[in-house]
Amino acid sequence: MASKHNTSGNRTRSPLSIFAVIGLCCFFYILGAWQRSGFGKGDSIALEVTKQTDCNIFTNLNFETHHNDVEIVEHSKPKAVVFKPCDLKYTDYTPCQEQDHAMKFPRDNMIYRERHCPAEEEKLHCLIPAPKGYMTPFEWPKSRDYVHYANVPHKSLTVEKAVQNWVQFKGNVFKFPGGGTMFPQGADAYIDELASVIPIADGSVRTALDTGCGVASWGAYMMKRNVLAMSFAPRDNHEAQVQFALERGVPAVIGVLGSIKLPYPSRAFDMAQCSRCLIPWTANDGMYLMEVDRVLRPGGYWVLSGPPINWETYYKTWKRSKEDLKAEQRKIEELAERLCWEKKYEKGDIAIFQKKVNDKSCLRKSANICESRDADDVWYKKMETCVNPFPKVSSSSEVAGGELKKYPARLFAVPPRIAKGLVDGVSAKSYQEDNKLWKKHVNAYKRINKLIGTARYRNMMDMNAGLGGFAASLESPKSWVMNVVPTVAKNTLGVIYERGLIGIYHDWCEGFSTYPRTYDFIHANGVFSLYQNKCNFEDILLEMDRILRPEGAVIFRDDVDVLNKVRKIAGGMRWNTKMMDHEDGPLVPEKMLVAVKQYWVGSSGNSTSNDQ
């Protein structure tokens, strides 16, 4: 009976349930139709946001050069602090290599030519002006041979180095004939001689280091051999030599072999050269040559041209005794043997040494081996008089640290440091995924700014380079990228060099080792999130403005809240900016901020009203 009673009850409730379901369906149908009609509150808000946000098409920013004809754009509220131009005396300001400041430091071991950055209260909080008459540099390859005088108005090298064919002044331009102290007739013939010993042509040599580079003509002419040279020279009495190099479109930084380790990882360069660089290789028990050994890849080459090579011919010109020069060369060769280098060539003014691929065949009983476990920990670290050990190998033919493919295959091949598990959190799979991601990002950048990938942006910088995916996706003879690995980020610079790219360690709380107006394009991926609570955003942005050329461009990629802070500061820097959604759509919290620096030059006054 109970069961019959329950069944009867269910049947009587069944029509009520059906009516309830039908009623709910009708209600939601009517509600949906009302919202689709555009009268719902949520739809009206979304429609308004859509109207206000243009995330895919650039209508306000113009990346072409106009000089004084750049439109001034009204900045959004609240109004940013407006930064005034610095005095004209700061036109060539290099915050960490200023001459007056340098003279306060010891001259021993070139300490006074090293980085000495201003204290917080001494930092400039103004915009570095371009010189009167500044013009957009010539495009590559013309820029290799010509530079506008107005951009680097310094003639001293045309007199000091006249017989060596460094640079000539003609009309309103400087001409660079391609000469150097040891190759006054041009770099090409000099490089041809090197190539008779060193396999430059087949892609075995891709990264090179030029110590004491002058105006970087060697690096400029190595580029047509598909070799990227990192050139450095101090800011000294050879006025503006690194500035000339960058104006020509050649990678270079202000630097010196002094008391601090070079800002490059171990085993970075396929070759290094000193062309009358006047570095005292035998001083301090060979410390400088040991530092070159640290950054030279196993199997790499070192070229020495100039004193003491060919001392029999030049001892009178160099005003040194035969005995002194002969002893110096003998000591260099003894040092080379301790470093496990073999002399491959000596003819005329050139000697070439090759570092062995591992330590199986070299005797190092007398060598002082470095105790440090991390040969890449170099930022402001003292140079040591010791030899960095080769990575371990299992056979006499194995290349210590891992063999590299020839360029360009090595650009996307899995780098040995990753294959061996030496980079925390990075596997071969995640490396390949990173490459795919950056190809996607760079394609989006090219849709935003069609000048990316053209000769208009020759000198490019990635402020937080990661694994080098941005530079690898852009790889072109029309441009090069300075891959910066921040000292507070994961150390990936060794991977970047293994890919056949170049870069440098740097702390963005300080000034970069370059002259003003030396980069056409800057990429800042996650930089400001990385430096939150470490230093002022204002200082980083003012440094970006210093090194960015007039009408140069910047793409920031970061969290939207961080970019809003950046945009507010940039609004007072004579930059035109536009916020854009991530290429995957507006729901992604990571956004892009695109900026173009306006063209303006300094004047006799230092107020904005007097600037042009």
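Overview of results
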quantity: Cα pair distances of region 392-447 binned at 10 Å [whole percent]; calculated: 21, 39, 29, 8, 3, 0
quantity: Percent RCO, i.e. relative contact order, over the chain, from Cα pairs under 8 Å lying at least 6 residues apart; calculated: 15 percent
quantity: Shape box of region 326-456 [Cα atoms, principal axes, largest first, Å]; calculated: 61, 38, 34
quantity: Charge tally in the Cβ shell below 14 Å around residue 332, where Lys, Arg are +1 and Asp, Glu are -1, residue 332 excluded; calculated: -4
quantity: Relative contact order of region 250-359, defined on C-alpha pairs under 8 angstrom at six or more residues apart (%); calculated: 28 percent
quantity: Simple Cβ-charge dipole of the chain, Lys/Arg +1 and Asp/Glu -1, about Cα centre, in debye nearest 20; calculated: 1340 debye
quantity: Accessible surface of the chain, 1.4 Å probe, proportion on carbon and sulfur as whole %; calculated: 53 percent
quantity: Region 219-298: projected area of the alpha-carbon convex hull, averaged over directions, in nm²; calculated: 5.9 nm²
quantity: Ranked packing of 179-190, 119-130, most packed first, by mean Cβ within 10 Å; calculated: 179-190, 119-130
quantity: Kirkwood Rh, Cα atoms: Rg over Rh of region 276-322; calculated: 1.05
quantity: Region 417-541: mean projected area of Cα convex hull, nm²; calculated: 7.9 nm²
quantity: Signed unit charges on C-beta, dipole axis of the chain, positive-most listed residue 409, 301, 94; calculated: 409
quantity: Residue pairs, from the table 170/478; 89/450; 261/344; 104/175; 429/565, whose Cα atoms sit over 31 Å apart; calculated: 89/450; 104/175; 429/565
quantity: Net charge of neighbours whose Cβ lies under 13 Å from the Cβ of residue 316, counting Lys and Arg as +1 and Asp and Glu as -1; calculated: +1
quantity: Region 529-588: translational diffusion in µm²/s, Stokes-Einstein, Kirkwood Rh over Cα pairs, 25 °C, 0.890 mPa s; calculated: 194 µm²/s
quantity: Whether region 210-363 is rounded, prolate or oblate, judged on the alpha carbon gyration tensor where a/c under 1.5 counts as rounded; calculated: oblate
quantity: Cα-based Rg and Dmax for the chain, where Dmax is the largest Cα-Cα distance (Å); calculated: 29.6, 128
quantity: Surface accessible to a 1.4 Å probe, per residue, for the residues of the chain, Å²; calculated: 45 Å²
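The values are calculated or read from the model by the stated rules, or taken from the named source; none is laboratory data. Since we're looking at a predicted model, the values are computed, not measured. Every residue, glycine as well, gets a Cβ built from its backbone with ideal geometry; the counts of neighbours run over all protein chains shown. The area values use the complete protein model at the heavy-atom level, side chains included, leaving out ligands, DNA and RNA. Shrake-Rupley method; radii C 1.70, N 1.55, O 1.52, S 1.80 Å.
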